[in-house]
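Enquirer: Here it is, the structure in full.
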Amino acid sequence: MIGVNTETLVDVWQQLLAEPGKSWVLFGQGTCVVLTAPDGELAEQAAELLKKFGPVNAGSSAGDFGVIDLTDVEGWVVTGHHDDVLTYVGPDEPQDPSHLAVGLLGRSKRHRDGTELQVVHVEDKRGSADPV
């Protein structure tokens, strides 16, 4: 399996989350936590959310996932049991591009991010929203 480098991940998430005012934090395996109510230290806030909603627990909703085919960039986003925790899977990562294989890979990446909690990028957009 080929990993996706941090620079590529940041670029992908900047394209996918281009809305003004949307703050997010990226973790080492490609999991992005979107902060709908950013407050205080964003990396800390995101890590707490991912610590709770990242790890996969057998037999619970933490094992559930969905796969979104992307149109703006190549690859997929794998969703989980929290709407604001999303994991990117690059087009070269899965050996099998089926939704099941992509979803399982994304879920395992989310689990690893949820246990390692290695922040690699913070996108702080507080105060950058267009005035209404």
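Enquirer: Of all residues in segment 78-103 being over 19 Å from A47 (Cα atoms) and buried (at least 19 other Cβ atoms within 10 Å of the Cβ), which is modelled with the lowest pLDDT? Reasoning before the result, please.
Expert: First, the residues of segment 78-103 that are over 19 Å from A47 (Cα atoms): 89-103.
Checking the rest, the ones that are also buried (at least 19 other Cβ atoms within 10 Å of the Cβ) come to 89-90, 93-94, 102-103.
Details: V89: 96, G90: 95, E93: 93, P94: 90, V102: 97, G103: 95.
Filtering segment 78-103 for residues that are over 19 Å from A47 (Cα atoms) and buried (at least 19 other Cβ atoms within 10 Å of the Cβ), the one modelled with the lowest pLDDT comes out as P94.
Enquirer: Quick check, is L105 in contact (Cβ under 8 Å) with a residue 12 or more places away in the chain and either touching a Pro at 6+ places or on another chain (Cβ under 8 Å) or among the small types (G, A, S) (or both)? Break it down into steps so the answer makes sense when it comes.
Expert: On the way: in contact (Cβ under 8 Å) with a residue 12 or more places away in the chain: yes; either touching a Pro at 6+ places or on another chain (Cβ under 8 Å) or among the small types (G, A, S) (or both): yes.
So L105 fits the description; yes.
Enquirer: So, one more: When both residues are 6+ apart or on different chains and their Cβ atoms are under 6 Å apart, which pairs have a first residue that lies in segment 120-132 and is modelled with pLDDT of 90 or more, and a second that is not in a strand (DSSP E or B)?
Expert: So the pair list comes out as V120/T6; V120/G28; H121/V10; V122/L42; V122/A43; D124/L42; K125/G21; K125/K22.
Enquirer: Could you tell me whether any residue of segment 7-20 is over 15 Å from the mean Cα position of the chain (by Cα) and loosely packed, with under 15 Cβ neighbours inside 10 Å? So that I can check it myself, show each step before the final result.
Expert: Of all residues in segment 7-20, those over 15 Å from the mean Cα position of the chain (by Cα) come to 19-20.
Narrowing further to those that are loosely packed, with under 15 Cβ neighbours inside 10 Å: 19-20.
Yes, some residue in segment 7-20 is over 15 Å from the mean Cα position of the chain (by Cα) and loosely packed, with under 15 Cβ neighbours inside 10 Å.
Enquirer: Is it the case that G30 is in contact with a Phe, Trp or Tyr (Cβ under 9 Å, 6 or more places away or on another chain), surrounded by 20 or more Cβ atoms within 10 Å (Cβ to Cβ) and farther than 18 Å from Q15 by Cβ? Don't jump to the end; show me each part of the working.
Expert: Values: in contact with a Phe, Trp or Tyr (Cβ under 9 Å, 6 or more places away or on another chain): yes; surrounded by 20 or more Cβ atoms within 10 Å (Cβ to Cβ): yes; farther than 18 Å from Q15 by Cβ: no.
Criteria not met by G30.
Enquirer: Are there any pairs, at least 6 apart or on different chains, whose C-beta atoms fall under 8 Å, with the first in segment 45-57 and surrounded by fewer than 19 Cβ atoms within 10 Å (Cβ to Cβ) and the second aromatic (F, W, Y), and if so, which?
Expert: Once the first residue is surrounded by fewer than 19 Cβ atoms within 10 Å (Cβ to Cβ) and sits in segment 45-57, no partner that is aromatic (F, W, Y) comes close enough.
Enquirer: Collect the residues in segment 58-70 that are touching a residue at least 40 places away in the same chain (Cβ under 8 Å) and crowded, with 18+ Cβ neighbours inside 10 Å, keeping them in residue-number order. Let's see the steps before the verdict.
Expert: Taking segment 58-70 and keeping what is touching a residue at least 40 places away in the same chain (Cβ under 8 Å), we get 63, 65, 70.
Scanning segment 58-70 gives a single hit, F65.
Enquirer: Against the condition over 21 Å from T6 (Cβ atoms), of a type in the set (A, V, I, L, M, F, W, C) and not in a helix (DSSP H, G or I), how does V56 come out, does it pass?
Expert: Values: over 21 Å from T6 (Cβ atoms): yes; of a type in the set (A, V, I, L, M, F, W, C): yes; not in a helix (DSSP H, G or I): yes.
So V56 fits the description; yes.
Enquirer: A further question follows. Taking T71, is it within 20 Å of V4 (Cβ to Cβ), modelled with pLDDT under 95 and among the β-branched types (V, I, T)?
Expert: On the way: within 20 Å of V4 (Cβ to Cβ): yes; modelled with pLDDT under 95: yes; among the β-branched types (V, I, T): yes.
Considered against the rule, which asks whether it is within 20 Å of V4 (Cβ to Cβ), modelled with pLDDT under 95 and among the β-branched types (V, I, T), T71 comes out as yes.
Enquirer: While we're here: I'd like to check which strands (runs of 3 or more DSSP E) are fully inside segment 63-111 and have at least 2 residues that are under 18 Å from D11 (Cβ atoms).
Expert: Values: elements: 66-69, 76-79, 85-89.
Counting at least 2 such residues, we get 76-79, 85-89.
The values are calculated or read from the model by the stated rules, or taken from the named source; none is laboratory data. Computed from a predicted structure; not experimentally measured. FYI the Cβ positions are ideal-geometry reconstructions off the backbone, even for glycines, and counts take in every protein chain you see.
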